[in-house]
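All remarks here apply to the structure that follows.
Laboratory data are not the source of any read-out in this text; all were calculated from the coordinates shown. Please read all numbers here as calculations on a predicted model, not as lab measurements. Cβ sites come from the backbone with ideal geometry, for glycine too, and all protein chains shown count toward neighbours.
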Amino acid sequence: MENQILYQFSRNQDEQVHFTLKEYKQRKYLDLRIFFQPKEGEEMLPTKKGITLSTELFPELKRGIAACEKV
C-alpha cells in the first residue's frame, strides 16, 4: 500500500498539516504531520512535528477531538 493523504489543511502561508494513512510491517497507521515549503514553488517536506498512531487508536483520537470541541 502506498502512503495515502486523506486530508490536509493550511496552518499558515508556508505550512500544511497532512493526515496520511501509512502501512508499516503490515500494520496501518494514521500520521498527522506538519509539512513546510522550503522555497517558493518547491515540494512540501515533512517536519519532525507530528504524531503517528495505529489505526486501532482512531476511536480514542476521535473522543479526544470531541472533548476539545466542548471547550
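With the Cα gyration tensor of the chain giving a ≥ b ≥ c as the square roots of its eigenvalues, does the rule (a/c under 1.5 for rounded; else a/b larger than b/c for prolate; else oblate) give rounded, prolate or oblate?
Oblate, because a/c is 1.5 or more while a/b does not exceed b/c.
Going by average Cβ density within 10 Å per residue, which order do the peptides 28-39, 48-59 take, highest to lowest?
Result, highest mean Cβ count within 10 Å first: 28-39, 48-59.
Quote to one decimal, in nm, the extra length available between LYS48 and LYS22 on full extension: 0.36 nm per residue of separation minus the C-alpha distance between them.
Fully extending the segment from LYS48 to LYS22 adds 7.8 nm.
Name the residue farthest towards the positive end of the dipole of the chain from the options ASN3, GLY50, CYS68, assuming +1 on Cβ of Lys and Arg, -1 on Cβ of Asp and Glu, about the Cα centre.
Toward the positive end, the furthest listed residue is CYS68.
If you average the sequence gap of Cα pairs under 8 Å that are 6 or more apart and divide by the length of the chain, what percent do you get for the contact order?
RCO, the chain: 21 percent.
If you count, for each residue, the other Cβ atoms within 10 Å and average over each peptide, how do 5-11, 19-25 line up from highest to lowest?
The peptides rank, most packed first, as 19-25, 5-11.
Taking Cα atoms, how many degrees apart are the long axis of helix 58-69 and the longest axis of the chain, rounded to 10 and kept between 0 and 90?
The helix 58-69 is inclined about 80 degrees to the chain.
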